[in-house]
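Here is the structure we will look at.
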Amino acid sequence: MESTILQLSYLIGSVTFIIGLKMLSHPDSARKGNMVAAVGMTIAILATIFLYEHNGEKLHNFGWIFAGLAVGTIVGTLAAKRVQMTAMPEMVSLFNGMGGACAMLISMVEYNHMQHAGEAAATTGTMLVIVLGMVIGTVSFAGSIIAWGKLNGSIKDRTIPAGQILNFLMMGGVVVLSVMLMTGMASGAAVFYGIAALAALYGVLFVMPIGGADMPVVISLLNSFTGCAAAFGGFLYDNPVMLTGGILVGSAGTILTILMCKAMNRSLKNVLIGSFGAKATGGGGAGGKEQGNYKEISMNDTATLMAYAQKVMIIPGYGLAVAQAQHTCHELEKVLNEKGVEVSYGIHPVAGRMPGHMNVLLAEADVPYEKLLEMEDANDQMGGTNVVLILGANDVVNPAAKEDPSSPIYGMPILEVEKADHVIVNKRSMKPGYAGIENELFFRPKSSMLFGDAKKVLQSLVGELKQM
Amino acid sequence: MDTIISLFNDPASYRLLTIVILSVFLGIEVISRVPSVLHTPLMSGANAIHGVVIIGAIIVMGQAPSDDYVALVLGFLAVILGTLNVVGGFVVTDRMLEMFSKKKKK
């Protein structure tokens, strides 16, 4: 009877994951979908704790289990509630890493367990599942931590000499050692932990050279890795809900990764092999045209230009996010509206650090949904726009993506700001953007630069406008 | 080689493989045609769902003999990390989506 209830709970869990994921892909039902999946997860967890049995034996160590659940819940909730909206991408990456580490630890305990029980207990299939779960979990854990460090700026982009070859060697080492472990040619904890160490190193080196705008793609990919690691756990315990949940995320994550690549018009292979930073220096040298001079514009002139415009389009980028300027930005929009200026926002699908990042941010500041234009609509309206204000966006407006075939971002669709009458670019300095490539837009005749932190600049703009 | 063949003779692995293959197609079907606005929350939601690995951690923890400290400590860590993944994932996703629903009401 109890095992029937357990299986039923797992079935409910699997179904809620499917429904939840489906609902998450529509704006109206997304939040409910998240809830549905969370409820299903809770049911599956509780059923496991109280009803799971193996060879007629129930689980014990309830004290430890509930203590672990409590610690995880408290820390997880606090971290998730406290995190700034701008730091969301790295938070997701960190949580993903935790899942990977969890899969890794499970495999390690099971391996120890198996060693105690004697090698005879280990069938090749079980060993395969344990090793695969461990390898993928470890790669995902190590990679996510690096991605997290990169996004919050504590780890810099670095190209490792002969990194590709090193990566191949390490992956080869993992495969060879795993096969030896499974066929019994090699055995012992040293081999097992050797594989773990190699996998961890691989995870680090795999993410390390990938830089620039590609980080979201990597996180999405690691996300689907963790899904697969969870699914191997499902094989290990013959557990259907782990299997469906894991594989669902594994396949959905892969599709999502490909969709993101498409939004940036880059292939996955390109992202993984061609490291952005390394190529950019080469491209810069080849396309090293004379850059000419850029012109600066004063706060006062900017305010005047905007106040007497009919249509203003704001193009937000990561600069807006770092400066936490979304609220001030909304204020500027309101002041301009009072003066009869029509304001809209042009949102590039990959502006910021993650697709949809800007939408979330501006939504936080209560910017009405209708004012956010997707790239195609924004480009259609660009012609009738008098002033375009670019707030800390760079690569998504770089004309090189259209004009310079040697540029690493060539082919990526961009916001065609030059169709507007005036382009005002707010940046902190002339340094190139996240992808590390020069932007010729800044030197074009229509452009003028407004240097400074996005929030401070917007505050003084609002001040100037109010006095007019 | 024999062990590998025996894998294919086990009816249980076919049941699991069926689930895997169906889930793969389901995952693809469910995700296709998503507006780019929802990419981030969707990734975050999927992130929370693979936290289902916590169930494995609970089983490991619950089966650990009470004198096997290595298993107890590793299992305990696994439960904490898995819970972080699940709870953190769902809460972060909810926070992102909360902002979308707020403006929908207007």
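The values are calculated or read from the model by the stated rules, or taken from the named source; none is laboratory data. Note that the coordinates shown come from a computational prediction; the quantities given were computed from them, not determined experimentally. Here the Cβ is made from the backbone with ideal geometry for all residues, glycine too, and neighbour counts use every protein chain on show. Quick note on the areas: whole protein, heavy atoms, side chains included, nothing else; ligands and nucleic acids left out. Shrake-Rupley method; radii C 1.70, N 1.55, O 1.52, S 1.80 Å.
For the pair the range A:449-468 / the range A:385-439, the C-alpha centres are spaced 21 Å from each other. Expressed as a whole percent, the accessible surface of the protein assembly as shown that belongs to carbon and sulfur atoms is 64, based on a 1.4 Å probe.
Round to the nearest 0.05 the FRET efficiency obtained for B:Asp67 and A:Leu169 when R0 = 51 Å and r is the Cβ-Cβ distance. Before the final figure, lay out the partial values.
On the way: r = 41 Å, r/R0 = 0.81.
The formula returns an efficiency of 0.80 here.
Roughly how many Å is it from the Cα centre of the range A:196-229 to that of the range A:72-141, as a whole number? That distance is 14 Å. Is the C-alpha gyration tensor of the range A:359-408 telling us rounded, prolate or oblate? Criteria: a/c under 1.5 is rounded; beyond that, a/b larger than b/c is prolate, otherwise oblate. Prolate, since a/c reaches 1.5 and a/b exceeds b/c.
Just how large is the dipole of the range A:299-467 about the Cα centre, in debye to the nearest 20, putting +1 at every Lys and Arg Cβ and -1 at every Asp and Glu Cβ? Numbers along the way, then the final one.
Details: 15 positive and 22 negative charges, 105 e Å.
Once rounded to the nearest 20, the dipole reads 500 debye.
Positive end of the dipole of the protein assembly as shown (Cβ unit charges, origin at the Cα centre): among A:Asn55, A:Asn152, A:Leu11, the Cα lying farthest that way belongs to A:Asn152.
Determine the calculated [θ] at 222 nm for chain A from helices alone, applying -39500 (n - 2.57) to every DSSP H run no shorter than 4 residues and normalising by the residue count; nearest 500 deg cm²/dmol. Intermediate results must be reported in sequence, preceding the final value.
Numbers: 18 runs with 286 residues, N = 468.
Theoretical 222 nm ellipticity from helices: -20000 deg cm²/dmol.
Can you check what the Kirkwood hydrodynamic radius comes to for the range A:299-467, Cα pairs only, in Å to one decimal?
For the range A:299-467, inverting the mean 1/r across all distinct Cα pairs yields 15.6 Å.
Taking the average, over residues, of other Cβ atoms within 10 Å as the packing measure, peptides A:299-306, A:48-55, A:241-248, A:17-24 rank A:241-248, A:17-24, A:299-306, A:48-55 from highest down. Buried surface between chains A and B: roughly 8300 Å² of accessible area, summed over both sides, computed with a 1.4 Å probe on protein heavy atoms only.
Dividing the alpha-carbon radius of gyration of the protein assembly as shown by 2.2 N^0.38 Å (N being the number of residues), what value is obtained? Intermediate values should be presented prior to the final figure.
Details: Rg = 25.6 Å, N = 574, 2.2 N^0.38 = 24.6 Å.
Working it through for the protein assembly as shown, the quotient is 1.04.
A straight line joining the Cα centroids of the range A:308-332 and the range A:1-31 runs 40 Å. In terms of its C-alpha gyration tensor, the range A:51-188 comes out oblate, because a/c is 1.5 or above while a/b does not outweigh b/c.
About the centre of its Cα atoms, chain A shows a dipole size close to 560 debye [charges on the beta carbon of Lys, Arg (+1) and Asp, Glu (-1) only; nearest 20 debye]. Solvent-accessible surface of chain A, averaged per residue with a 1.4 angstrom probe and all protein chains in place: 40 square angstrom.
Could you check what % of the DSSP bridge pairs in chain A are antiparallel, to the nearest 5?
Working: 2 of 25 bridges.
Just about 10 percent of them are antiparallel.
The residue among A:Gly245, A:Met1, A:Leu361 whose Cα reaches farthest toward the positive pole of the charge dipole of the protein assembly as shown, with charges on the beta-carbon of Lys, Arg, Asp and Glu, is A:Leu361. The mean count of C-beta atoms from other chains within 10 Å of the C-beta of residues in A:4-15, rounded to a whole number, is 1. Classify the range A:1-113 as rounded, prolate or oblate, taking a ≥ b ≥ c as the square roots of the eigenvalues of its Cα gyration tensor: rounded when a/c is under 1.5, otherwise prolate if a/b is larger than b/c and oblate if not. Verdict is oblate for the range A:1-113.
Express in Å², to the nearest 10, the accessible area of A:Glu438 obtained by rolling a 1.4 Å probe over the protein heavy atoms while all chains stay in place. Answer for A:Glu438: close to 100 Å² accessible.
Using 0.36 nm per residue of separation minus the Cα-Cα distance, give me the extension gain between A:Tyr294 and A:Ala197 in nm, one decimal. Could you put the intermediate results ahead of the total?
Numbers: separation 97, 0.36 × 97 = 34.92 nm, distance 5.02 nm.
This chain segment gains 29.9 nm when fully extended.
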